[in-house]
1. Given the rotation relating B and A, tell me which residue in B puts its Cβ closest to the axis and the distance in Å.
2. Between B:Thr20 and B:Gln56, what length in nm is gained on full extension when 0.36 nm per residue of separation is reduced by their alpha carbon distance?
3. Within the range B:27-191, how many lysine pairs that are 8 or more places apart, or on different chains, have C-alpha atoms less than 26 Å apart?
4. Taking R0 as 35 Å, what's the FRET efficiency between B:Ser117 and A:Lys65 from their Cβ-Cβ distance, rounded to 0.05?
5. Give me the number: length gained by fully extending B:Val35 to B:Met150, i.e. 0.36 nm times residue separation minus the C-alpha to C-alpha distance, one decimal in nm.
6. Using the per-residue mean of other Cβ atoms lying within 10 Å as a proxy for protection, in what order, highest first, do the peptides B:50-61, B:65-76 fall?
7. For the range B:27-191, what mean projected area does the convex hull of the alpha carbons give, in nm²?
8. Rounded to the nearest 0.05, what FRET efficiency is calculated for A:Val49 and A:Lys109 with R0 set to 45 Å and r the Cβ-Cβ distance?
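What follows draws every value from the coordinates through simple rules; no lab data is involved. Predicted model only: the values in this text are computed from it and were never measured. All Cβ positions, even for glycine, are placed from backbone atoms using ideal geometry, and neighbour counts span all protein chains on display.
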2 protein chains.
Amino acid sequence: MRSYLGVGVSTGTVPVNHDTNAKVFDRRIKITELVLRCVILGLGVLAAVLVGTDSQVKEFFSIQKTAKFTDMKALVFLVVANGLAAGFSLLQGLHCIICILRGRALLSKQLAWAIFSGDQVMAYVTVAAVAAAGQSGMLAKVGQAELQWMELCNMYGKFCNQVGEGMATAFVVSLSMVVLSCISAFSLFRLYGGHKMKNVNC
Amino acid sequence: MRSYLGVGVSTGTVPVNHDTNAKVFDRRIKITELVLRCVILGLGVLAAVLVGTDSQVKEFFSIQKTAKFTDMKALVFLVVANGLAAGFSLLQGLHCIICILRGRALLSKQLAWAIFSGDQVMAYVTVAAVAAAGQSGMLAKVGQAELQWMELCNMYGKFCNQVGEGMATAFVVSLSMVVLSCISAFSLFRLYGGHKMKNVNC
């Protein structure tokens, strides 16, 4: 008998109920997805709040200057991306909970494609936001002497630390979105299954 | 009769040979994959060469200054990411051609997972590289007055234009990698198929 995940692997020794295995596996996938959506919701809001509420006032020769996240477009992108990821996960999490409470999926083919597309877009958007903010953060931390862009974190230490915490949180959100996008790809594409290994594309 | 892509959709009117449909569909997927890998190979090398060979010398009060891609870490990341994507696509393209010539797949479950993982990683890496380089490019183009980071493209116009062309090329590479990662997810996850819609996770 073939185990659920053992595609092309035949054990032939232990009698296992295939349907029970599949149900247990489905339940694990569902719970993993729900946990990831909760993580993204919580940490997405946390990252957006950490970066979005950050500011520091410094006085230079009696002139007050305030550092805030809107000074860097990449940080605005980070706040928006994490807010969107959190909002999308809230909607999907509610959908998931209704599914679990009703004991059956509310899924049509169109909805499966919509969830897959949404997860893919959010995964790439959150990764891009972390990359852009990381680049800006590095410039602010160490500067770029060749371009006469000076480091700023020696002046705005508290501001930079809080942005760093927000970026670390956003990094975890983007990793969770990447895993989630793989799960929703799995949930969608196995609908097109039933192929043996020999028929698979290169 | 159910069409290959019409999961859960029953037409019941036109008699179609399911196996023939599936073979035609498989062939189209295979050709799309091969075309995308060729695009990524060609444009990945082009993007890396455009950015990696770019330089411009300017004279300021008898002091010569040279702008080069290594002045910005994000451009180094862009060159490396596109070089890796091109190299990976070359290997996968060769594998694909051998498959087509032999008329059968050389795929084990482990290899399918390796290809899927490689495509996923390359898709996220190329998107992250474009995002980081885009952020640096915007800073070089318009500066960031609040942070005293001045624009550079008014001084190094030719250098900036060539980097812009490289970044546009890298953007096409990253989009192709995203589509390709979806195709390899499809190729892998349909191996775990055979589920009806009612069994699908939320």
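1. B:Gly193, 0
2. Computed gain between B:Thr20 and B:Gln56 is 7.2 nm.
3. Pairs that pass both the separation and distance tests number 13.
4. Efficiency for this residue pair is about 0.15.
5. Value of the extension gain: 37.2 nm.
6. Result, highest mean Cβ count within 10 Å first: B:65-76, B:50-61.
7. Over all viewing directions, the range B:27-191 projects a mean Cα-hull area of 11.0 nm².
8. So, using R0 = 45 Å, E works out to roughly 0.75.
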